[in-house]
Amino acid sequence: MSPETVKRDAKRARRAPSPARAAEREQSRVTEQPGFVLHSYPYRETSLIIDVLTRDHGRVALVAKGAKRPHSALRGALQTFQPLSLAWLGKGELRTLTKAEWVGGLRPLEGDALLSGFYLNELLVKFCARDDAHDKLFQHYLTTLHHLAHGEPAGIILRAFERVLLRETGYAVAFDRCTQTRGKVAPERHYVFHPDRGVRPAGGDEPSDWPVVSGQTLLDMEQDDYSRAQTVQQSKLLMRFLLNHHLGGVPLNTRQILLDLQKL
């Protein structure tokens, strides 16, 4: 073997990753992961950082290199409210997107439904921690987009999503049980919802910003039944109150727009 060959082989060996490094790299590779783009913003001159909700990995931040270039394959795929198959590489807080393919199956959101979709995305960004998977929430998000795309009443659809969101992200929300009596809520009585303890009878001594709702409303909400006009109105006030509490009073941009349009 010539000295040149020995040098070339030694150089290749230095460049080749060790078995441990190769195994670590393989573990950090994710392929064919169902997901949705929640939000994106520019990164350097030609790239984007996208915030995605995925089925098995929760909310993940990815760098989409070159996605802002006119002829990038990623440019057309990274649309909000459309099911995607994603692949990425990396283990840090910010990973590198390697592939994004449109899966299809959902109508595009338009008009008021589009604004409601942005409201959903803002809730997910604020409530879902990174790398914390919520399979039931992911599936409910997909179902909610389907309902919105088919023109179903946005207010009712959003109430059901908000309830699932709070439950799946650790804020137990049981509407049909009174925490003081440990019994079932009575439809004819009036109640308030302590944000950290749950339902209790309205006594008149609770803070003035706590909405008082009927027991029937609470029972209806537990069953996702919004056929009563009173339930629609009272559930809107109650969910607004609970979300505001758990967000520490930080306002939701899309909610304010929806409120201005009298849609939420």
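Exactly one condition in (1) without any contact (Cβ under 8 Å) to a residue 60 or more places away in the chain; (2) within 16 Å of Leu238 (Cα to Cα) is not met by Arg159; state its number. So the condition that Arg159 fails would be (1). Filtered by the rule that a residue be more than 19 Å from Met239 (Cα to Cα), open to solvent by less than 90 Å² (accessible area, probe 1.4 Å) and not hydrophobic (A, V, I, L, M, F, W, C), the stretch 182-193 gives a lone residue, Gly183.
Applying the condition of being touching a strand residue (DSSP E or B) at 6+ places or on another chain (Cβ under 8 Å) and closer than 17 Å to Ser85 by Cα to the stretch 101-130 and asking which residue is most open to solvent (accessible area, probe 1.4 Å) yields Trp102. Is it the case that the stretch 148-167 has a residue that's open to solvent by 80 Å² or more (accessible area, probe 1.4 Å) and either closer than 24 Å to His57 by Cβ or acidic (Asp, Glu) (or both)? Looking through the stretch 148-167, at least one residue is open to solvent by 80 Å² or more (accessible area, probe 1.4 Å) and either closer than 24 Å to His57 by Cβ or acidic (Asp, Glu) (or both).
With the condition kept exactly as written, say whether any residue in the stretch 207-224 is loosely packed, with under 13 Cβ neighbours inside 10 Å, farther than 27 Å from Leu124 by Cα and without any contact (Cβ under 8 Å) to a residue 60 or more places away in the chain. Yes, the stretch 207-224 contains at least one residue that is loosely packed, with under 13 Cβ neighbours inside 10 Å, farther than 27 Å from Leu124 by Cα and without any contact (Cβ under 8 Å) to a residue 60 or more places away in the chain. Just one of the numbered conditions (1) at pLDDT 95 or above; (2) under 28 Å from the mean Cα position of the chain (by Cα); (3) open to solvent by 30 Å² or more (accessible area, probe 1.4 Å) is not true of Ser227; which one? Against the list (1) at pLDDT 95 or above; (2) under 28 Å from the mean Cα position of the chain (by Cα); (3) open to solvent by 30 Å² or more (accessible area, probe 1.4 Å), Ser227 comes up short only on (1). Residues in the stretch 99-117 that are in contact (Cβ under 8 Å) with a residue 40 or more places away in the chain and closer than 19 Å to Ala77 by Cβ: Lys99, Val103, Leu106, Arg107, Pro108, Leu109. Each residue in the stretch 63-94 was checked for being open to solvent by less than 30 Å² (accessible area, probe 1.4 Å), closer than 24 Å to Gly117 by Cα and assigned to a loop (DSSP other than H, G, I, E, B), and 5 pass.
Of all the numbered requirements in (1) surrounded by fewer than 17 Cβ atoms within 10 Å (Cβ to Cβ); (2) in contact with a Phe, Trp or Tyr (Cβ under 6 Å, 6 or more places away or on another chain); (3) more than 27 Å from Ala113 (Cα to Cα), Val199 misses one, and that requirement is (1).
Of everything in the stretch 31-60 that is touching a residue at least 60 places away in the same chain (Cβ under 8 Å), within 14 Å of Gly90 (Cβ to Cβ) and open to solvent by 10 Å² or more (accessible area, probe 1.4 Å), the residue that is nearest to the chain's Cα centre (by Cα) is His57.
The values are calculated or read from the model by the stated rules, or taken from the named source; none is laboratory data. If you're wondering where the values come from, they're calculated on a predicted model, not measured in any experiment. We place every Cβ from the backbone using ideal geometry, glycine too, and count neighbours over all the protein chains shown. Ligands, DNA and RNA are stripped out before the accessible areas are found, and what is left, the full protein with its side chains, is counted by its heavy atoms. Shrake-Rupley method; radii C 1.70, N 1.55, O 1.52, S 1.80 Å.
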